[in-house]
Amino acid sequence: QKEVEQNSGPLSVPEGAIASLNCTYSDRGSQSFFWYRQYSGKSPELIMFIYSNGDKEDGRFTAQLNKASQYVSLLIRDSQPSDSATYLCAVNIGGTASKLTFGTGTRLQVTL
Amino acid sequence: EAQVTQNPRYLITVTGKKLTVTCSQNMNHEYMSWYRQDPGLGLRQIYYSMNVEVTDKGDVPEGYKVSRKEKRNFPLILESPSPNQTSLYFCASSLLVGSYEQYFGPGTRLTVT
C-alpha cells in the first residue's frame, strides 16, 4: 500500500462545476496535510493546508480532513479552465517533521 | 523577490560524468530538500537538510550526494550519473522543519545518455 494515494485521473469537470479531489494516507500518526497545484512543466505551489479534522475554506477552495478515515480531500467550487492542472496531496507521514510524502497527483481538466 | 533558484534548468550529459545542480534560496529558510519527479511515481525525496551541516537521506538517496555549508545553498551532486537518474529535479525550502509550506524551485530537467 502506498503511503499517500491519489487517483491519477484525468478528472474532467465542466466550467462552473465543483471538482472533488481525494487522497488517502496510510499512517494514523500523520498530522499535517497539504494540497499543491502543479501546472504542466512548472513547479508545485501550495494552495491549501489543513491540520485539524473538518473543513477549511479559502476562496473557491475547501480542504476536508477526516483522520479517522485517513482521508483528505480538496473541493474546487466554480471550476475555471485555469484550474486545469495536476493536484498533489502531501502528508507528513507519521508526524515526522522532516519528511513530506507526496501522492502521484490527480490531473484535473476543466472543460468549456 | 523571495525565491528558490536552481541551475542549470536543463542538462543533457553522459553516463559517468560528474555533475552538480545548484540550489539557492534567499528567504533565510532553515530547511531545504531535493526531490525527483518521474511519471507515475510522483515526487520522491532524495535528501534533506534541517540546518547548516545537517543533512539526511530521503527515500531515494542512492547515487546522489548533498552538502549544506551555507544556509542559502544546497547543491545536489551526481558523482557518476546513470540513465536511471534521468528525471525532473526540484529543490525546495521552508522556513522551519515540520509543518510549513515548502517553496519549490523551477526545476532542473536532467537527461543522462
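The values are calculated or read from the model by the stated rules, or taken from the named source; none is laboratory data. For clarity, every value in this text was computed on a predicted model and none was experimentally measured. Cβ sites come from the backbone with ideal geometry, for glycine too, and all protein chains shown count toward neighbours. Quick note on the areas: whole protein, heavy atoms, side chains included, nothing else; ligands and nucleic acids left out. Shrake-Rupley method; radii C 1.70, N 1.55, O 1.52, S 1.80 Å.
Of all DSSP-defined beta bridges confined to chain B, some 90% are antiparallel rather than parallel.
Find, to one decimal place in angstroms, the Kirkwood hydrodynamic radius of the protein assembly as shown, where the mean of 1/r is taken over every pair of different Cα atoms and then inverted. Can you show the working numbers first?
On the way: mean 1/r = 0.0555 Å⁻¹.
It is 18.0 Å.
Model label sites at residue A:40 and residue A:17, defined 7 Å from Cα along the beta-carbon direction, differ in position by 2.0 nm.
Could you calculate the contour length gain from residue B:27 to residue B:44, that is, 0.36 nm times the residue separation minus the distance between their Cα atoms, to one decimal place in nm?
Numbers: separation 17, 0.36 × 17 = 6.12 nm, distance 2.34 nm.
Full-extension gain reported as 3.8 nm.
The A-B contact accounts for approximately 1500 Å² of buried accessible area, totalled over both chains at a 1.4 Å probe radius. Given their separation in residues at 0.36 nm each and the Cα-Cα distance between them, residue B:73 and residue B:86 gain 2.4 nm when the chain is fully extended.
The label point for residue B:51 and the one for residue A:78, both projected 7 Å from the Cα toward the Cβ, are 4.6 nm apart. For the peptide A:101-109, the mean number of other protein chain Cβ atoms found within 10 angstrom of a residue's Cβ is 3. State the percentage of accessible surface on the protein assembly as shown attributable to carbon and sulfur atoms; use a 1.4 Å probe and exclude ligands, DNA and RNA. That share works out to 49 percent. Using the 1.4 Å probe convention, the accessible area of the protein assembly as shown works out to 47 Å² per residue with neighbouring protein chains retained.
Which entries of A:67/B:69; A:42/A:67; A:42/B:65; A:99/B:65 show an alpha-carbon separation above 29 angstrom in the structure shown? Before the final figure, lay out each step's value.
Working: A:67/B:69 39 Å; A:42/A:67 31 Å; A:42/B:65 25 Å; A:99/B:65 18 Å.
A:67/B:69; A:42/A:67, as the Cα separations exceed 29 Å there.
I'd like the antiparallel share, as a percent to the nearest 5, of DSSP beta bridges with both residues in chain A. Could you put the intermediate results ahead of the total?
On the way: 35 of 39 bridges.
About 90 percent, rounded to the nearest 5.
Spin-label model, residue B:65 to residue B:95: label points 7 Å out along the Cα-to-beta-carbon direction sit 3.5 nm apart.
I'd like to compare A:22-33, B:58-69, B:24-35: which one has the highest average count of other Cβ atoms within 10 Å, and what's the full order after that?
Values: A:22-33: 18.5, B:58-69: 15.8, B:24-35: 20.6.
Descending mean neighbour count gives B:24-35, A:22-33, B:58-69.
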